[in-house]
Structure formats: structure tokens, C-alpha cells
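Before I ask anything, let me first share the structure, which is written out below as C-alpha cells.
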Amino acid sequence: MSDPLDDLTAPPGEPPSHAAAPYLRDLNPVQREAVEALDGPVLVLAGAGTGKTRVLTTRLAHLLFTRRARPYQILAVTFTNKAAREMKDRVERLVGGVADGIWLGTFHSLGARFLRRHAELVGLRSNFTILDTDDQIRLLRQILEAEHIDEKRWPARMLISVIQRWKDKGMTPDKVRAGDAGELANGRLIEIYRQYQERLSVLNAADFGDLLLLCLELFLKNPDVLAEYQRLFHYILVDEYQDTNVAQYLWLRLLAQGHKNICCVGDDDQSIYGWRGAEVDNILRFEKDFPGAKVIRLEQNYRSTPHILAAASGLIACNEGRLGKTLWTDRTEGEPLTVRGVWDGEEEARIVGDEIEALQRKGHKLDEIAILVRAGFQTREFEERFITLGLPYRVIGGPRFYEREEIRDAIAYLRVIHQQDDDLALERIVNKPARGVGQASLQAVHALARAQGIPLYIAAIKLVQSDELRPAARRSLGAILNDFERWRGLAEAASHVELAKTVLDESGYTAFWQNSKKPEAPGKLENLKELVTALEDFENLAGFLEHVSLVMENAENSGDDMVSLMTLHSAKGLEFDTVFLPGWEEGLFPHQRSMDENGVAGLEEERRLAYVGLTRARQRVMISFAANRRIYNQWQSAIPSRFVEELPPEQVSVESDRGLYPGAIDSSFQASGGAAAGSPARGGPGWQRLQSRGLGARLIEAEPEALHGSGAGFARGDRCFHQKFGMGLIRIVEGDHLTIEFDNAGTKKVVAAFVEKT
């Protein structure tokens, strides 16, 4: 049988010369150096847009072309199956169909391949099952029940996530310290973890964490097996090395100790997944782990303009935990980054929409425009605006705002209150969160409704008044029906905004997500708050529900040319001609929770996230921040993100269209009143830093004189009129915010610009 490598261009028995490799001609000198540095450990620090994928695949092809290794002697590791397929396809295009034998895949797929070869050495059989998350949770629930541990207090979903974090750190039950487990599962989580692993073995199963954890066990307990693979793999290539967790790092380091020809490609400045276990220290200590390692920096960027690169480099230079590099380009065209202050999120969405329409009129494809937000709840105002304008858009990495699980649940509650015959809405939330109305009870309700031709709500009332259901289920169903009757009465007396807050709290739905340990829970709570904010834009509940119905029916009928809306985390690896970066405010970006939980490390990861956002853009970047955000029906003053201040001023153009953004910047820096705690007062250190860079003065130009200190004309005790809440009495004056006791709407804090004295 012929060897596919024999089909290459060299005469039989001779390795091809470098000159015969046509793919090398397309590389710049540093890329070529990274491809040809085949001996020993190599770290390729590849900045954004510098041709990382080309270098990695060309290096792999070069190993085959020069016959430095047979395909089966190469281990190539990626983070996604898509990246693995792309690498294989590119290699085959470069050197023909010789890549089939390469050990190429994700960490998990390669781990499974090792384990199926040696399953018996880790207590499994070769046909073991890989459990998904649902199966893991069901298995853990069985153990918790057997151990008499209250799952309401210690949810299986939360405990399994802790166990997975331990696995990502390479920790088997015997390596977990008591302090790491704390009081989880009544202080017994380590024992629960041990039982969980034993049950997996009995079931001949492994979860995703085991695919690497058991590999580590295999290698450490069987030195002969490890030595076999160390001899086999002459070359190891790793993509996105900055995203590796501890278990992946240990796995790679063990396998590389044979020939020590390991090449890791990554960018420490784009390590943004610490929240899911990635350790940026893995790439930072590469030279210590592999003495004599060669570090090659790819710094020539082929994506972005000089202004964008200089701004991104200036920003990321504020991080201390980095190896250091500076992106550059030989392009000369381009425009400075635009930084713009706005009054609030609604104004921000309006301006972004106007800018996109202006670009579209000039022939700019919508497909090449992206809006990158720090938190998912930010998309709502942009979605609303785009629907109004008729601008087609897609949400990448998640559903549209009104299609999200938690939003649909909350709206279902409101639909039942508004229209009790809404069977679909009632069925969705009658047992969400779980309140003891099980499947058997629902089937009984359905059966009665069908038999008598009545809505589910009426059928439920009839069953509660009978003895058809078990007493516990009857009490639970009766309780939620009573809640709906009470809320329906509240809807007649209170505003729809107050109603929504009451329903979310009294139903237990907010508490359900507050108590959830799922990583997405904080984002879901933010979305629920944003939903309450959205209700303020409508006169009543009926108007809001009609709007949502129309939004849900808004078909994507514009082909593929759509604006992309996504979080910054979802944007990694993508690029667009134009990028909008809204919400650059302290507390939102950098996110306060990240800083509170992780301190300086959290702040530096947030800054890396800003760097990723900037470097997604090819041609133009528009950054915005709002002076005010409505969060959970409350106005909150905000100050510009520290990242705005860290941008090199020579790369930034500050918008100053007079009168366009009333009061936006002045209210952000006022010395008292509505200013947020910790905000830099006018004349204070924070303000002086902006002034010294020219930002403060230029931003203030955007504010019309007429609205300076817009609360100045009001005093405590004044009667006034608000366009939404009606007549009221001013109780507190705080800068341009007024606390007003309204005649019919209760006491609210509002913005003075929307109030008239009577």
C-alpha cells in the first residue's frame, strides 16, 4: 500500500526542500519563523488578526511536507470541533490528503480516544457512555436522596457544577481539601463526589470532566502507557493555549515530556474565560514550564486600521499580567475611534440605529456591522429600536430578548393575569418554579378541560374544589390560582410596572434564579430587571403584551444581511467592518461582579474583554456610555468606564454635536445630587484626568446650556406634572433627579427634564 506522503514533490527517499514548499511564500518573515521553528518548545504569541490559524495549519502541513513526522506522530489540539475540521481541511489543501492519520481534535475528543484504548486501566469498559449534563444531574439526585440531603437547599445542578470545577482543576475526590468543599451538601460534598465517581464506574460511564481527569489518572498510574504516547508524539500543536484549564494544562505537559517538541499558539491578551476555568497563568509561565522555549510574537495585524490597533494596544498595556506585544499594520487609512456620551440607554439605541441607517445608505452591508455588549440584558433596547426602524438583526450566541426562557416565563404570568383563558401561558408556568403541581395533576386538568370544552384555568378551579387530586397537589394548585386572583385585583389598582415586580417576587420566580447556582443565573436576573424597565414604555399591560406579540411575529425575511447583536464573550474569533461598543460605564463594563469576586485579576480580564471588542473591528469603532441607566424601574447615574480614560487620546474622536445629548456628560460628573457613589466630581481627580486628556472639555461641549443643572428650577413642596405619572408633589430635589409623591402613581424618582412645574 502506498504512503500518501510519497505523493509530495520530493524524489523518493529525499525530504522535500523548503524552497519546494509554495505555502511558505505567503507568510511574512515572523510567521515563517513560527512555521519553521520545529525543534523544541515554541510559544507563538499571536495577536488579534495576525494570522494565527494560518501559522498553525501551515506549521502542521510543514511537518508533513518535510517528513519531520508521519501523520500519526502528530498530536494537534483545538477547543472546538469546528476548529479541528477547519485545520484538517486547510492542511489537506496545502499538502494533499495526508492528514487523516493525525491525532487531531478537541481536548475532550482526544481524551475519549485515549480512554477507549485503555478503559480497563481506569475501571471502565471500552464501550463506556459519556453522560450529558441532564444525566449527571439525575445521577447526583439519586445519591443526594439516598444520603438524605435536601435538594431544595443543595440543588443537584449547583453541586454538579462545583464537582466539574474540581475536575477542571485535575482534582479527584482524594485531592479535594475540606476547605474547598466548605458546608456544601451539609459539609459532605467530597464524600458525595466520591460516591458519584463510584456510581459512574458501576454504570460504565464518564462525564465530560472525566475525559481529561481519567486520562491524567491513566498516565500517572501507568507510566508505561504514558511513555508509549510520549514516544509516539514527536510533535504537539495546541491552539488557543490561553484558554486551557488546569487539567488540560497538566495533560499537555505530561505528553510533551518525551520529544519536547510542543508548539502552543495563543494570546494572553485574549484570555477572557476565567469564569469557566481558563487559567491565563498557563500561557504566562510557558517559558518556566519548558526551559529554553522560543517565544515568537506575531504582531503584524491584517485586520484593523492603525487607529484601532493603537487604541487597543494602549488600553491593554494597563494590564500587568501579560507577556507583552504591540500590534501594528502597514495600512495607512482609517478614522479615529468615536467616543460618545448619551443621556440613557434609549438614546444610545436611537443613535446607534441612526448611525447604522446612515452607513446602510452609503452601501455598507449590515452583515458587516456588530453591536457587542457586556451583558445580555443590554440587547433589549437595541432590539426594540431595530424593530421600530425595520432594521433586520440577529442575536448571536443566544435567543432574542423576548425569546429568552426567563422572559417568556415572566410574560406568561402576565398573560394569565390579563387573560385567564390563555392555556399555553398557564401551562408554561403553573409549576414554574416547582410548587408541587406535577404531571399527573396537569393531565387531570387537561382531561377535564377537554371533556367539558373549557379553558385550563376554569378546569383547574373545578378540580381544586373537588377531591379528584391528591391533597398536596390540590393545595398547591389552589394556592397559585388564589395568587392569580389576587394579582388580577392588583392589576386594577396598581401600575402594570408595580404589578410585574409583585408577581415576580410573590411567585417565587425571582428567588428561583437568585438561589440558582447556574452560571447563567446572574444574567437571567439582569434580564428580568430589564423586562420591568421595558414595561415603563407602555401605558398599560395590554399595550405591552400586544407589542410583545408583534415582536415575536417579526419574521426574519431580509435574507442574510443583518446586524449582529452579541455579547463580547460571543464575539471572540469574529470580525466586522464596523463595531459598536455600548455601555462603557463603571459597574457595567468593567462589570462590578467580576471585580468584586476576583479583584485585580477580574479587572484585568475585563480589560482583556475590552481589547477583544476593539480588535473585532476592521474599519471603525464607536464607543458609547450613558449618564443614566434604568435598572429595575430605577434611574441610576453612571460614570464613564475607566477604559474610556485609558484609551490613547490621539486615537479618539469625541462627538460634540451641540444639543444632541442633553446633559449626558455633565450629569455623569456632577459633584453632588444625582452623581453615583464614587463618581469623579467636577474638579475632582477623576474629572481632572479626563480634562488633562482633553476628553472632559470636549464631552461637555455636547451639552446644551439650557439643560445645565436642570433640577435647579424645582424646590421641595412644588406641585408638578409628569407626562407619564401625572400630578404630584416634589419631596426631594437631588441635582436633576426629583423624588415626587404622585397623586395616583405613588412615590417615584424621576428625571427633572420630564417634569413641568404647575
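For region 64-83, give me each residue that is open to solvent by less than 10 Å² (accessible area, probe 1.4 Å) and within 19 Å of residue 266 (Cβ to Cβ).
74, 75, 76, 77, 78
To continue, here is another question. Among all residue pairs at least 6 apart or on different chains, which show Cβ distances below 9 Å where the first residue, located in region 351-364, is touching a residue at least 60 places away in the same chain (Cβ under 8 Å) and the second is part of a helix (DSSP H, G or I) and open to solvent by 60 Å² or more (accessible area, probe 1.4 Å)?
Pairs found: 352/385.
If you don't mind, another one. Looking only at region 148-169, how many residues end up being charged (D, E, K, R) and in contact with a helix residue (DSSP H, G or I) (Cβ under 7 Å, 6 or more places away or on another chain)?
Summing the residues that are charged (D, E, K, R) and in contact with a helix residue (DSSP H, G or I) (Cβ under 7 Å, 6 or more places away or on another chain) in region 148-169 gives 5.
Now for a separate question. Between 371, 454, which is at pLDDT 85 or above, crowded, with 17+ Cβ neighbours inside 10 Å and either touching a Phe, Trp or Tyr at 6+ places or on another chain (Cβ under 9 Å) or over 29 Å from residue 535 (Cα atoms) (or both)?
The match here is 371.
Something else about it: Scan region 384-396 residue by residue and report those that are in contact with a helix residue (DSSP H, G or I) (Cβ under 9 Å, 6 or more places away or on another chain) and either open to solvent by 20 Å² or more (accessible area, probe 1.4 Å) or closer than 16 Å to residue 630 by Cβ (or both).
Within region 384-396, 384, 385, 387, 388, 389, 392, 395, 396 qualify.
So, one more: May I ask you to verify whether residue 162 is in contact with a Phe, Trp or Tyr (Cβ under 6 Å, 6 or more places away or on another chain), open to solvent by less than 80 Å² (accessible area, probe 1.4 Å) and β-branched (Val, Ile, Thr)?
Here the answer is no, as residue 162 does not meet what is asked.
If we scan region 422-439, do we find a residue that is crowded, with 21+ Cβ neighbours inside 10 Å, farther than 26 Å from residue 492 by Cβ and in contact with a helix residue (DSSP H, G or I) (Cβ under 7 Å, 6 or more places away or on another chain)?
So far as region 422-439 goes, yes, one or more of its residues are crowded, with 21+ Cβ neighbours inside 10 Å, farther than 26 Å from residue 492 by Cβ and in contact with a helix residue (DSSP H, G or I) (Cβ under 7 Å, 6 or more places away or on another chain).
Quick check on region 594-612. Is at least one of its residues of a type outside the set (Asp, Glu), touching a Phe, Trp or Tyr at 6+ places or on another chain (Cβ under 8 Å) and closer than 21 Å to residue 359 by Cα?
No, that holds for no residue.
Conditions tested, residue by residue: (1) open to solvent by 10 Å² or more (accessible area, probe 1.4 Å); (2) within 29 Å of the chain's Cα centre (by Cα); (3) on the phi > 0 side of the Ramachandran plot.
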site	(1), (2), (3)
466	yes, no, no
475	yes, no, no
484	no, no, no
534	no, yes, no
546	yes, no, no
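Which one of these is in contact (Cβ under 8 Å) with a residue 60 or more places away in the chain, crowded, with 19+ Cβ neighbours inside 10 Å and aliphatic (A, V, I, L, M): 189, 203, 211?
Checking each option against the conditions leaves just 211.
A follow-up question, please. Does residue 516 fit the bill of being without any contact (Cβ under 8 Å) to a residue 60 or more places away in the chain, farther than 25 Å from residue 544 by Cβ, open to solvent by less than 50 Å² (accessible area, probe 1.4 Å) and among the hydroxyl-bearing types (Ser, Thr, Tyr)?
When the stated conditions are applied, residue 516 does not pass them.
Yes or no: residue 146 of a type in the set (Gly, Ala, Ser), surrounded by fewer than 19 Cβ atoms within 10 Å (Cβ to Cβ) and over 31 Å from the mean Cα position of the chain (by Cα)?
Considered against the rule, which asks whether it is of a type in the set (Gly, Ala, Ser), surrounded by fewer than 19 Cβ atoms within 10 Å (Cβ to Cβ) and over 31 Å from the mean Cα position of the chain (by Cα), residue 146 comes out as yes.
Could you list, in sequence order, the residues of region 165-209 that are among the acidic types (Asp, Glu), touching an Asp or Glu at 6+ places or on another chain (Cβ under 9 Å) and outside any loop (DSSP other than H, G, I, E, B)?
Selection gives 191 alone.
Examine region 39-49 for a residue that is open to solvent by less than 50 Å² (accessible area, probe 1.4 Å) and either assigned to a helix (DSSP H, G or I) or among the aromatic types (Phe, Trp, Tyr) (or both), and state whether such a residue exists.
no
Pull up region 385-419, narrow it to residues that are charged (D, E, K, R) and assigned to a helix (DSSP H, G or I), then point me to the one that is modelled with the lowest pLDDT.
403
Which of the helices (runs of 4 or more DSSP H) found entirely inside region 250-360 contain at least 3 residues meeting this: of a type outside the set (Val, Ile, Thr) and closer than 30 Å to residue 225 by Cα?
By residue number, 281-284, 286-289.
Condition first: open to solvent by 60 Å² or more (accessible area, probe 1.4 Å) and part of a loop (DSSP other than H, G, I, E, B). Now tell me which residues in region 120-143 satisfy that.
Result: 125, 126, 127, 132.
Based on this model, can you work out whether residue 282 counts as among the polar types (S, T, N, Q) and either surrounded by fewer than 19 Cβ atoms within 10 Å (Cβ to Cβ) or without any contact (Cβ under 8 Å) to a residue 60 or more places away in the chain (or both)?
Against the criterion (among the polar types (S, T, N, Q) and either surrounded by fewer than 19 Cβ atoms within 10 Å (Cβ to Cβ) or without any contact (Cβ under 8 Å) to a residue 60 or more places away in the chain (or both)), residue 282 qualifies.
Another question, if that's okay. Which members of region 735-746 meet the condition of being at pLDDT 80 or above and either under 17 Å from residue 344 (Cβ atoms) or within 37 Å of the chain's Cα centre (by Cα) (or both)?
The answer is 738, 739.
The values are calculated or read from the model by the stated rules, or taken from the named source; none is laboratory data. The structure displayed is predicted, hence computed values, not measured ones. Glycine also receives a Cβ, built like all others from the backbone with ideal geometry; neighbour counts cover every protein chain displayed. Each accessible area value is taken on the protein alone, full model and side chains, heavy atoms only, with ligands, DNA and RNA left out. Shrake-Rupley method; radii C 1.70, N 1.55, O 1.52, S 1.80 Å.
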